[in-house]
Amino acid sequence: MKISKPLRLSPSSINTFFRCSLQFQWTYLLELEPDEDTDNLFGILGKAFHKAMELDDLYNITPETLRKYWRCLFYVYLSDSLYLKKNLDYNFFLSRGYDLLSNGLKMKERWKENSTIVFNEKYYRISYPNKFIEDVYFSGRMDLVVKNSENIYTIIDWKTGTKQEIDDNIQMSFYIYYIHKTFDIPYENIYGALAYPLTGDILFTQRKEEDVLKVFEKIDNVLKDISIGNFIKNPKINKDSGNCIFCPHPKKCKGVVESVVSTDVHLKLDYITDDLQETK
């Protein structure tokens, strides 16, 4: 497959590939416009919450001010959403976001009492040499990284949804590898933490070098499939095959056979049904 520009991989894009590699192709390679009404309020809530947590540190905005203007911040992200159903009830999400923000700011203050902030909402980029595709790099954002007096680093990833498995969390593996590589910190001195402000729960994890290498093996398999144009309609969310609840392309996907292979990304969607072609 011809890739005409550097291939950016993020934890989100890799997880999308594992869930449905066809969705990965349409979203990240072909960059197709999402279908109408496919944005979801949970995603908008998460973006607004993360921005509020960033503003708390970067611009010295007081927690009281952030709480006061939470409604405005939420509506800014809401208005920027192009693919959201109209006339939805936003009150639940406004209330939930306020609780998330209030609790999250308190959790961060407790961390700051015993640790120093290394960075907040840090963008990272790491090149990834491999034998399948030239010019591949990892990138993304880390929510919060702190270190204590014993030079122990903790990477905090804020979660606005339900609890996730942390020991198999690819995102956290990326983060831990970045801290290890950037600061030359041994893996045993790095902790990952999924923090859930709504409940106050915090799940901790660590990685060994062999754990990170296993993640890289999975990524190499992803790159191999991309290089040969192997994209399959096989949605998997929480091991429940056929669940497409958060896919941005459900209308385009109608009528596509279960197994789809495309050999060239520049072919766009020649293998999709005539009805779909008319909607492009």
**OP:** Considering every residue within region 172-184, establish whether at least one is free of Cβ contacts under 8 Å to residues at least 60 places away in the same chain, touching a helix residue (DSSP H, G or I) at 6+ places or on another chain (Cβ under 6 Å), assigned to a strand (DSSP E or B) and not aromatic (Phe, Trp, Tyr).
**Re:** no
Original post:
Does Ile219 count as farther than 26 Å from Ala52 by Cα and in contact (Cβ under 8 Å) with a residue 24 or more places away in the chain?
Top reply: yes
**OP:** Quickly run through region 195-230 and pick out the residues that are acidic (Asp, Glu) and either within 26 Å of Ile3 (Cα to Cα) or in contact with a Phe, Trp or Tyr (Cβ under 9 Å, 6 or more places away or on another chain) (or both).
**Re:** Glu209, Asp211, Glu217, Asp220, Asp225
**OP:** Take Asp57 and decide whether it is in contact with a Ser or Thr (Cβ under 8 Å, 6 or more places away or on another chain) and either at pLDDT below 85 or assigned to a helix (DSSP H, G or I) (or both).
**Re:** no
Original post:
Lys131: exposed (fewer than 11 other Cβ atoms within 10 Å of the Cβ), modelled with pLDDT of 90 or more and basic (Lys, Arg), yes or no?
Top reply: yes
Original post:
Listed residues Gly140, Gly104; which is surrounded by 13 or more Cβ atoms within 10 Å (Cβ to Cβ), in contact (Cβ under 8 Å) with a residue 40 or more places away in the chain and under 30 Å from Leu213 (Cβ atoms)?
Top reply: Gly140
**OP:** Run Ala193 past the list (1) modelled with pLDDT under 95; (2) among the aliphatic types (A, V, I, L, M); (3) surrounded by 15 or more Cβ atoms within 10 Å (Cβ to Cβ); (4) within 30 Å of Met142 (Cα to Cα) and report the number of the one that doesn't hold.
**Re:** (1)
Original post:
When the residues of region 148-190 are filtered to those that are among the hydrophobic types (A, V, I, L, M, F, W, C) and touching a His at 6+ places or on another chain (Cβ under 8 Å), which remaining residue is surrounded by the most Cβ atoms within 10 Å (Cβ to Cβ)?
Top reply: Ile190
Subject >> strands (runs of 3 or more DSSP E) (entirely within region 68-171) containing at least 3 residues that are under 22 Å from Phe42 (Cα atoms) >> reply: 136-147, 153-158
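The values are calculated or read from the model by the stated rules, or taken from the named source; none is laboratory data. Quick caveat: nothing in here was measured; it's all calculated off a predicted structure. Every residue, glycine among them, receives a Cβ derived from its backbone with ideal geometry; neighbour counts consider all protein chains shown.
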